[in-house]
Amino acid sequence: MAERLLAIQGQDPRGARLAVRARSEGLVASDVDRALDERRLVVTWVNRGTLHLIRSEDYPLLHAVTTPPLWTSCRTRLRQTGVGDAADRGVDTVRRALADGPRTRVELRDALDSADVPTAGQALVHVLFYATLHGVCVRGPMVGKEQAFVSTRDWLGEQPEVDRDALLGELARRYLVGHGPATAADLARWAGISLGDARAGLKRIARRIVDLGDGLLDLRKREDPAPLPPPRLLGAFDPLLLGWESRERVVGEHKKLVTDNGLFRPFALVKGRAVATWRLPKGKVEIEHLEDVTKKAARELEADARAVEAYLNGP
């Protein structure tokens, strides 16, 4: 599933694990943790400067193609948070701290404080972000309930030199695998790259795609579209709301699924449309319907709620 979607938004750990649940069978949330511990998955800042859950083998592609547009804003934020000229010293400090193995956020803060690198307020996260852009670290294994930072080189191996322009085509192909049909603007929005780069990537695979009109492109010889999924609960920041420029077909009139401060709420899907929100107080799913659904759909959503609970609480 991570291969097909390529990158799953991951700043909400439960939401990322629920995205896996909704698109797989026979797994529980702890299987994602195990894959992180086993180096098959990592979480890192890539597309749009947001944390994403990705396959370790896809790190070189996503890091090379989607992080260059982030450098300018990162340096600006480092200045605004008072880090300034200490940023490079911060990167070296993080690199040295990770040489002895995984480190939690608190442990890295202590190391940076000892090196006189500002960490107050948002400074810490921007120093760690800067180190990530340098390719120094990713988030790897779970330490208790927290995901620790690790050295990219030690955890994933020496990273190869890559040609970003050549990889734009591979990014375009992989994006269409999980999101086609889509437009160049959809690709640019999802990956956080320029529209020009998105078009260049699609041009590189022109022989492998078909123009469906109105700017929509898809891979040739794709299997027939999959049927709509049965009624299902999706987590916060689900890829269904983040993969294209517009989410209107899914959200419809229920625009409050995405809050003014950029939070994407967990929601229920029936026939491809959002019909309810849900929450998980004390480990039990509570569904709040936004519109009427059939009795059959309501029963199926309640059954999926129990499946969510089992998935999150499984071994």
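The values are calculated or read from the model by the stated rules, or taken from the named source; none is laboratory data. Predicted, not measured: the structure shown is a model, and the values here were computed from it. Neighbour counts are summed over all protein chains in view; Cβ atoms, including those assigned to glycine, are modelled from backbone coordinates with ideal geometry. For the accessible areas, the whole protein counts, side chains as well, though only heavy atoms, and no ligand, DNA or RNA atoms are used. Shrake-Rupley method; radii C 1.70, N 1.55, O 1.52, S 1.80 Å.
Once you have the Cα-Cα distance between residue 145 and residue 185, take 0.36 nm times their residue separation minus that, and quote the gain in nm to one decimal. Walk me through the intermediate numbers first.
On the way: separation 40, 0.36 × 40 = 14.40 nm, distance 3.71 nm.
Gain on stretching residue 145 to residue 185: 10.7 nm.
May I ask you to compute the full-extension gain from residue 210 to residue 271, defined as 0.36 nm times their residue separation minus their alpha-carbon distance, rounded to one decimal in nm?
Working it through step by step, the gained length comes to 19.3 nm.
Suppose a student asked you for the relative contact order of the chain, using Cα pairs under 8 Å spaced at least 6 residues apart; what percent would you report?
Averaging sequence separation for qualifying contacts and normalising by length gives 18 percent for the chain.
Running a GNM on the chain with Cα contacts under 10 Å, which residue among 304, 197, 92 ends up with the highest mean-square fluctuation?
Of the options given, 92 has the highest mean-square fluctuation.
Can you list the aspartates and glutamates whose alpha carbon is less than 20 Å from that of residue 296, not counting same-chain residues fewer than 8 positions off?
In chain and number order, the partners are 286, 288, 304.
What trypsin sites (Lys or Arg not before Pro) in the range 124-203 are in a loop by DSSP, with at most 15 other Cβ atoms within 10 Å of the Cβ?
145
Once each part is reduced to its C-alpha centroid, what is the distance from the range 250-289 to the range 186-224 in angstrom?
So the separation of the two Cα centres works out to 30 Å.
Test of understanding: in a Gaussian network model of the chain with alpha carbons linked when under 10 Å, which of 95, 247, 207 would top the mean-square fluctuation ranking?
207
Please calculate how many Å² of accessible area the chain carries per residue, with a 1.4 Å probe and no DNA, RNA or ligand atoms counted.
51 Å²
Viscosity 0.890 mPa s, temperature 25 °C: give me the Stokes-Einstein translational D for the range 6-124 in µm²/s, with Rh taken as the Kirkwood radius over C-alpha pairs.
153 µm²/s
Based on the Cβ-Cβ distance of residue 37 and residue 75, what FRET efficiency does E = 1/(1 + (r/R0)^6) give at R0 = 35 Å, to the nearest 0.05?
That pair, residue 37 with residue 75, gives E of 0.55.
As a check on your grasp of the helix formula, calculate [θ] at 222 nm for the chain: sum -39500 (n - 2.57) over DSSP H runs of n ≥ 4, divide by the residue count, round to the nearest 500.
-12500 deg cm²/dmol
Distance cut-off 29 Å, Cα to Cα: go down the list 145/271; 255/282; 145/295 and report the pairs above it.
145/271; 145/295
Once amide H atoms are placed 1.01 Å from N in the peptide plane, what residues at a sequence separation of 5 or more from residue 46, or on another chain, have their amide H within under 5 Å of its amide H?
52
Quantify, in whole percent, the carbon and sulfur part of the accessible surface of the range 6-131 (1.4 Å probe; protein heavy atoms only).
That share works out to 46 percent.
Could you check which residue among 147, 11, 122 shows the biggest mean-square fluctuation in a GNM of the chain with a 10 Å Cα cutoff?
The residue with the greatest mean-square fluctuation here is 122.
So for the range 165-251, averaging the separation of alpha carbon pairs under 8 Å that are six or more residues apart and normalising by length, what relative contact order in percent results?
This gives 34 percent for the range 165-251.
Once each part is reduced to its C-alpha centroid, what is the distance from the range 1-26 to the range 51-119 in angstrom?
Answer, in whole Å: 24.
I'd like the carbon and sulfur percentage of the solvent accessible area for the range 162-215, probe radius 1.4 Å, heavy atoms only, ligands and nucleic acids excluded.
Within the range 162-215, the accessible surface is 47 percent carbon and sulfur.
Based on the Cβ-Cβ distance from residue 57 to residue 289, what FRET efficiency comes out when R0 is 45 Å, to the nearest 0.05?
0.65
Classify the chain as rounded, prolate or oblate, taking a ≥ b ≥ c as the square roots of the eigenvalues of its Cα gyration tensor: rounded when a/c is under 1.5, otherwise prolate if a/b is larger than b/c and oblate if not.
Note, shape of the chain comes out oblate.
Once you list every other residue whose beta carbon is under 13 Å from the beta carbon of residue 183, what net charge do they have if Lys and Arg are +1 and Asp and Glu are -1?
It works out to a net charge of -3.
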